[in-house]
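These notes concern the structure reproduced below.
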Amino acid sequence: MIDLHTHILPGVDDGPQDLDGAIAMARAALAAGVRVVAATPHALGTHLDVSPDVRDASLTALRAELARLLLPLHIVAGFECQVVDRLPETLTTQPAYLYARGPVAGGQRHVLIELRESLPVTALDDLLFRLQMLRITPVLAHPERHPGIARSVSAIEGFVRRGGKLQITASALLGDVGWRERRVCEALLGQGLAGVMATDAHGVREAGSLGLAVARATKLLGAAAAAALVTSAPAAILGLDLAE
Ligand SMILES: [Fe+2]
């Protein structure tokens with residue numbers, strides 16, 4: 001499995017404060033069957049704004065520790081970007097804020113967007129259009145938390161039909177966040193609007209939750225469609241060949 005959204009990097013944002021904490025998360029992910037993790041610290045926000053340089057230094061330290069401990073977890077670089085007015089321009093001049101892209105050729109670049117509750121759903125259509133002009137696809141993190149989408153998932157249907165992607169959260173589908181978020185996740189899955197599932201892990205418990213969440217999704221969608229949420233769908237976003 002691939003976990004497309006985590007705060008596993010030590011000492012950069014509200015994830016683990018040190019390498020030991022990050023390694024504990026890595027062990028939990030491996031035990032759950034995860035082999036690739038995207039490290040997506042918060043960026044471009046007023047409160048948390050990790051720079052590409054700071055991310056890369058933490059990433060290098062974590063990769064070295066994983067190698068030293070012979071832990072076979074592959075870490076891919078990403079960010080969770082807040083929507084700022086000039087996000088499309090920022091991504092053009094600083095592609096480090098996009099997901100790092102692997103060897104599979106021909107795909108679009110993708111950016112993980114932190115979907116703030118205050119952002120009107122209507123603003124997302126404009127953002128999608130501006131990013132698509134740059135051949136960038138937005139992936140919205142935790143849509144189940146957004147009040148406009150929680151009221152009716154049909155509010156986000158146009159965004160998905162036009163090519164935007166939604167990443168639901170494993171712990172929310174499992175009901176760990178609340179019954180409302182679980183119900184929204186189920187509705188997004190049931191209507192074919194959720195493209196990817198990831199943990200948004202800040203700690204050990206969430207880092208190990210992907211396998212249980214796939215089991216839950218399997219009851220709703222069947223095994224093949226549930227597996228795709230954590231295998232082929234995130235692999236396409238990262239440009240990875242699953243056969244490797
Ligand atoms: Fe996150």
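Taken together, the values in this text are just the output of simple stated rules run on the coordinates, not laboratory data. Everything numeric in this text was worked out from a predicted model, so none of it was measured. So basically every Cβ, Gly included, is an ideal-geometry build from the backbone, and we count neighbours across all protein chains shown.
Worth pointing out:
- Each residue in HIS47, HIS142 was given a count of other beta-carbon atoms within 10 angstrom of its own, and listing them fewest first yields HIS47, HIS142.
- Using C-alpha pairs under 8 Å with a sequence gap of at least 6, the mean separation divided by the residue count of the range 193-244 gives a relative contact order of 33 percent.
- Shape category assigned to the range 95-236 from the gyration tensor of Cα positions, a/c cut at 1.5: oblate
- Proxy reagent accessibility, fewest Cβ within 10 Å first, across VAL104, VAL83: VAL104, VAL83
- With Cα atoms defining each centre, the range 4-81 and the range 118-180 are spaced 24 Å apart in the structure.
- Three-way shape call for the range 2-238 based on the alpha-carbon gyration tensor, with the a/c threshold at 1.5: oblate
- The order of ASP13, ASP126, ASP56, going from fewest to most other C-beta atoms within 10 Å of their C-beta, is ASP126, ASP56, ASP13.
- Computed over the chain, the per-residue total of -39500 (n - 2.57) for DSSP H runs of n ≥ 4 gives a 222 nm mean residue ellipticity of -12000 deg cm²/dmol, rounded to 500.
- In the chain, Cα pairs under 8 Å separated by at least six residues give a relative contact order of 23 percent.
- For the range 131-182, the relative contact order comes to 38 percent (Cα pairs under 8 Å, sequence separation of at least 6).
- Compared with the direct C-alpha span, the chain from ASP20 to LEU242 gains 77.0 nm at full extension, assuming 0.36 nm per residue.
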